[in-house]
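Colleague: Below is one structure. I have some questions about it.
The values are calculated or read from the model by the stated rules, or taken from the named source; none is laboratory data. Everything quoted here is computed from the prediction, not taken from an experiment. For neighbour counting, all protein chains shown are included, and Cβ atoms are generated from backbone atoms with ideal geometry for every residue, glycine included. Ligands, DNA and RNA are excluded from the accessible area calculation, which covers all protein heavy atoms including side chains. Shrake-Rupley method; radii C 1.70, N 1.55, O 1.52, S 1.80 Å.
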Amino acid sequence: MTPDIRNSTFYVLTQDDPSAPTDAVPVGFEEAYAEAQRRTESGLAVHVLYTEDATQMQLTRFTEAGIRTSLASQG
């Protein structure tokens with residue numbers, strides 16, 4: 001069974017920024033991708049956490065843009 005990509009959740013974090021809140025807001029792919037690109041273009045180091053529902057294509061788009069990703073811990 002194919003997972004429903006609408007259930008995938010992403011968290012955009014700015015690395016090494018003590019002024020940024022540590023609790024990221026869960027968002028969908030398009031919003032996360034746009035935000036991560038915006039932050040990257042402004043020179044910030046970005047890390048995107050994703051849930052297991054994320055597709056390989058979504059993760060590839062982050063990778064192609066040079067944005068680091070990791071599976072979000074469950075718990």
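Colleague: Which cross-chain or sequence-distant (5 or more) residues have an amide H under 5 Å from the amide H of V46, H modelled 1.01 Å from N in plane?
Modeller: Amide H neighbours of V46: Q15, R68.
Colleague: Among 58-64, 35-41, how do they line up by average Cβ neighbours within 10 Å per residue, starting with the highest?
Modeller: Ranking, from highest mean packing down: 35-41, 58-64.
Colleague: Here is a follow-up. Quote the accessible area belonging to S70 in square angstrom, nearest 10, computed with a 1.4 Å probe and with ligands, DNA and RNA left uncounted.
Modeller: Solvent-accessible area, nearest 10 Å²: 40 Å².
Colleague: Name the residues of segment 33-58 whose amide N is less than 14 Å from a point 7 angstrom out from the Cα of N7 along the C-beta direction?
Modeller: 51-55
Colleague: Something else now. How much length, in nm to one decimal, is gained on full extension between E31 and T55, taken as 0.36 nm per residue of separation minus their Cα-Cα distance?
Modeller: That pair, E31 and T55, stretches by 7.1 nm at full extension.
Colleague: At 0.36 nm per residue, minus the direct Cα-Cα distance, what do S42 and Q74 gain on full extension? Give it in nm, one decimal, please.
Modeller: Full-extension gain reported as 8.5 nm.
Colleague: Something else now. Once phi is turned into θ = phi - 60°, what whole-Hz ³J(HN,Hα) does the Karplus curve with 6.51, -1.76 and 1.60 give for every residue of segment 40-57, x standing for Gly and Pro?
Modeller: The phi angles translate into 4, 5, 8, x, 8, 7, 10, 9, 10, 9, 9, 8, 5, 7, 5, 8, 4, 4 Hz.
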